[in-house]
Amino acid sequence: MSPRPKKPRICGCRFRGKAFKPIGVPYSEIEKIMLYPDELEALKLCDVDSLSQEEAGHKMGISRGTVQRILASARVKTASALTQCKALVLEKNVCKKGEQP
């Protein structure tokens, strides 16, 4: 059996550029970590906008548990990039752009 397809997430967070990386290290020589729009949206809603995971889930059109898993993944990736001199590459995937609940 194949896994259930991912439910589209509603992401209102817009980002510019394609990556964040340490200064002075060429992009071709640095390890890259993929950060998906739903992870960025969960970080923004919970950590910047100070919403609860339940409120963030409502805004994104997903359950609180899914927000918790996405948020944990995003925090690990962000902390790893910041502490281990890696690039955060912003991928386009999973979200319905511009849609709001």
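The values are calculated or read from the model by the stated rules, or taken from the named source; none is laboratory data. The structure displayed is predicted, hence computed values, not measured ones. Ideal geometry is used to build each Cβ from the backbone, glycine not excepted, and the neighbour counts take in all protein chains shown. Ligands, DNA and RNA are stripped out before the accessible areas are found, and what is left, the full protein with its side chains, is counted by its heavy atoms. Shrake-Rupley method; radii C 1.70, N 1.55, O 1.52, S 1.80 Å.
When residue 24 is evaluated against the numbered criteria (1) in a loop (DSSP other than H, G, I, E, B); (2) open to solvent by 70 Å² or more (accessible area, probe 1.4 Å); (3) at pLDDT 95 or above, which criterion, by number, is the only one it fails?
Going through (1) in a loop (DSSP other than H, G, I, E, B); (2) open to solvent by 70 Å² or more (accessible area, probe 1.4 Å); (3) at pLDDT 95 or above one by one, residue 24 breaks only (3).
Going through the range 34-67 one residue at a time, which ones are surrounded by fewer than 17 Cβ atoms within 10 Å (Cβ to Cβ) and aliphatic (A, V, I, L, M)?
34, 48
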